[in-house]
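For reference, the structure is listed below as structure tokens.
We did not get these values from a lab; they are worked out from the coordinates using the rules stated. All values derive from a computational prediction rather than experimental measurement. Every residue, glycine as well, gets a Cβ built from its backbone with ideal geometry; the counts of neighbours run over all protein chains shown.
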Amino acid sequence: MAQRYPTNWDIEKYIDDTEPEHHWELRKAFMNAHKGKFQEDYLVALAKTFTNIEFLGCIYPEGLMVRIAELSKDVAKEYREIKKTKLQRTFVSGSNAAENKIKRRRTDPGVVQHIK
């Protein structure tokens, strides 16, 4: 039989006023799904790690990544489906952006070239 931990603690006390509402809702759902399976402080840390992975793209040691993946598969299913349909950001380095801007000027007939 798996060990059970106290569940008489309030998840709401872990809300972070600086985090977006949808981050909190997913973190809270993670804690609700696993409350009683882990000690309170450990579950709170796992939940924060989970949201760091989901929202910030953080990477942790392989064992922890596997554990979070297992614990989050049902909790994050709906969020991940919604995420697939949203616009994805593409980051471009400053040097690549400048190079592309110069190339565009050379090939765009609407751009007037001033030669000094």
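Couple of notes before you dig in:
- All lysines inside 20 Å of Lys28 as judged from Cα atoms, apart from same-chain residues fewer than 8 positions distant: Lys13, Lys37, Lys48, Lys73, Lys77, Lys83
- Treating r as the C-beta distance of Glu21 and Ser93 and R0 as 25 Å, the FRET efficiency rounds to 0.20.
- Each pair of Cα atoms in segment 11-107 enters the Kirkwood radius, and Stokes-Einstein at 4 °C and 1.567 mPa s then converts it into a translational diffusion coefficient of 82 µm²/s.
- Across segment 68-84, computed HN-Hα scalar couplings (Karplus, 6.51 cos²θ - 1.76 cosθ + 1.60, θ = phi - 60°) run 5, 4, 5, 6, 9, 4, 7, 5, 9, 4, 5, 4, 5, 5, 5, 4, 4 Hz from first to last residue, x flagging Gly and Pro.
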